[in-house]
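First the structure, in the form of structure tokens, and then the observations on it.
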Amino acid sequence: MKTKYVVLASEPGITAAVATRLASAIKNMHSVVFLKCGEQFACARNILSVLALCAAAGTALEVQTFGEDEGLAAETVEQILTDSGDPSAK
């Protein structure tokens with residue numbers, strides 16, 4: 001198991017676009033990925049579950065990955081959640 005703590009960067013927070021991008025990025029990975037926001041958990045492959053977290057920008061999320069490619073899965077999730085969505089910020 002790998003655990004990372006990530007601060008959500010994109011405004012206004014987790015949107016359908018962010019949740020879809022996240023699910024698409026990890027769909028072919030072998031690891032299971034969970035996001036924890038407060039006391040709520042979401043399976044990162046489930047778009048509605050991720051949206052139900054209602055996480056706003058600046059919210060700290062715990063990313064838990066389990067499986068043979070957990071390191072890659074954790075890095076991928078971190079990259080998506082910390083991307084501000086502002087092309088000029090890159």
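Laboratory data are not the source of any read-out in this text; all were calculated from the coordinates shown. If you're wondering where the values come from, they're calculated on a predicted model, not measured in any experiment. No Cβ is skipped: glycine too gets one built from the backbone with ideal geometry, and neighbour counts run over all protein chains shown.
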Exercise for the section: Compute the distance in nm between two label points, each set 7 Å from the Cα along the Cα-to-Cβ direction, one at HIS30 and one at ASP83. Expected result: 2.5 nm
Problem - Dipole in debye (nearest 20) - the range 2-89, about Cα centre, beta carbon charges: Lys, Arg +1; Asp, Glu -1 - result: 200 debye
Problem - For the chain, Kirkwood radius (reciprocal of mean inverse C-alpha pair distance, Å) - result: 12.7 Å
Fill in the blank from the handout: Phi angles of the range 7-13, converted by Karplus (6.51 cos²θ - 1.76 cosθ + 1.60, θ = phi - 60°) into ³J(HN,Hα) in whole Hz with x for Gly and Pro, give 9, 5, 9, 5, 8, x, x
Handout entry: Relative contact order %, the chain, counting alpha carbon pairs below 8 Å whose residues are six or more apart
Key = 45 percent
Fill in the blank from the handout: For ALA57 and GLU11, extending 7 Å from Cα along the Cα-Cβ vector and measuring point to point gives, in nm, a value of 0.4 nm
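Quickly estimate the mean residue ellipticity at 222 nm for the chain, helices only: each DSSP H run with n ≥ 4 gives -39500 (n - 2.57), and the total goes over all residues, rounded to 500. Don't skip to the answer; put the middle values down first.
On the way: 3 runs with 29 residues, N = 90.
Mean residue ellipticity, 222 nm, calculated: -9500 deg cm²/dmol.
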Problem - Within a Gaussian network of the chain (alpha carbon springs, distance under 10 Å), most fluctuating of ALA73, ALA17, ALA55 - result: ALA17
